[in-house]
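As structure tokens, the structure follows; a few thoughts come after it.
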Amino acid sequence: MEGFAIPAKAALLLQGGGLRGNYTSGVLDVMMEHDLYFPTVAGVSAGALNAMNYLARQPGRSARINLSYRHDPRYCGPLAVLQSKGVFGVSFLVDQLSRREHFDQKTFDESKEDLYVVATDVDTGKAEFFRKGHCKEFDRAIVASASIPVVSLPVKIGGHRYLDGGCACAIPLDWAIDRGNHPIVVVCTREKGFRKPLIGQRQVDLYSDFYSRSPEFLSTLLTMDLQYNNLMDRLEAMEDAGEIFVIRPQEPITIGQFETDTDKLLALVNRGRRDAQQQLPRLLEFLESNRE
């Protein structure tokens, strides 16, 4: 918004969720249209992909790609598995589609915002934060952040193996608090009150089959749903206390992580736009009232 300065220590945290990230793309489009750019941005999985277009100042690009290429097998399907080593062709998106669907690399590189993407170290089971401009393989970090366990091979960066950041850190809330970021705004891809069912035995067996040689990562996977639910309890308590600001779907999300219905995906983008537009006055008030 012209003339509005976001506080210097403010942080924008972007949750993942596969194609539910279309909601986030709608929210960020509205922020871009109002020239609202947070000094610090941290994205997890699909949130990291959306953050790229946010810093590149390209509203509509995330939604256009997901809607236009959802049924392209190089982006999602068998060819993605063969070429990108995962059910989502994130490397196809970052490499080939960046040329076909122009990505403004210059604007991205020169953007003043501090961008961090989160990936999970397969050897330690812990979250690692890769910073734009400080990681020589930042594109690979983005791919790693969105590489889903079991259906994706780990991405090697600096001799370490990484997978989906959401395994160890669904939303980097504690990270932002520990850094002294304030105020904090979070974009969630699930409605308030949503909690994950705890892992069942079939999933336990599947994870064990794949990651028994990486016990720390396996432990992270087996407790991931419990940690997620605990995080949501804290996040909602902080939201209710006015300590953070959360933009999220007002109604339950009914699309899956691998949704095929592009009409539903478009509706989700529009829902994100609508929610962001409706909450914009409250967001600006929150940011202004928390100015140090």
_Residue selected from the range 1-26 under the condition assigned to a helix (DSSP H, G or I) and open to solvent by 10 Å² or more (accessible area, probe 1.4 Å), by the criterion modelled with the highest pLDDT_ = Arg20
*Could you run through the range 34-55 and say how many residues are open to solvent by 10 Å² or more (accessible area, probe 1.4 Å) and within 18 Å of Glu285 (Cα to Cα)?*
4
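From Asp233, Asp263, which residue is over 19 Å from Trp175 (Cα atoms) and either surrounded by fewer than 15 Cβ atoms within 10 Å (Cβ to Cβ) or aliphatic (A, V, I, L, M) (or both)?
Details: Asp233 fails: over 19 Å from Trp175 (Cα atoms).
Every option except Asp263 fails the conditions.
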_Residues satisfying the stated conditions in the range 105-143, i.e. open to solvent by 20 Å² or more (accessible area, probe 1.4 Å) and without any contact (Cβ under 8 Å) to a residue 40 or more places away in the chain_ = Lys106, Asp109, Glu110, Glu128, Arg131, Gly133, His134, Cys135, Lys136, Glu137, Arg140
_Cβ pairs under 9 Å, 6+ apart, first in the range 197-220 and closer than 17 Å to Ile148 by Cα and open to solvent by less than 40 Å² (accessible area, probe 1.4 Å), second of a type in the set (Val, Ile, Thr) and modelled with pLDDT under 95_ = Tyr207/Val150; Tyr207/Ile199; Tyr211/Val150
_Filter pass, Asp29 being assigned to a helix (DSSP H, G or I) and acidic (Asp, Glu)_ = yes
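The values are calculated or read from the model by the stated rules, or taken from the named source; none is laboratory data. The structure presented is a predicted model; accordingly, all values stated were derived computationally and were not measured. When we count neighbours, we look across all protein chains shown, and the Cβ atoms used for this are built from the backbone with ideal geometry, even at glycine. Ligands, DNA and RNA are stripped out before the accessible areas are found, and what is left, the full protein with its side chains, is counted by its heavy atoms. Shrake-Rupley method; radii C 1.70, N 1.55, O 1.52, S 1.80 Å.
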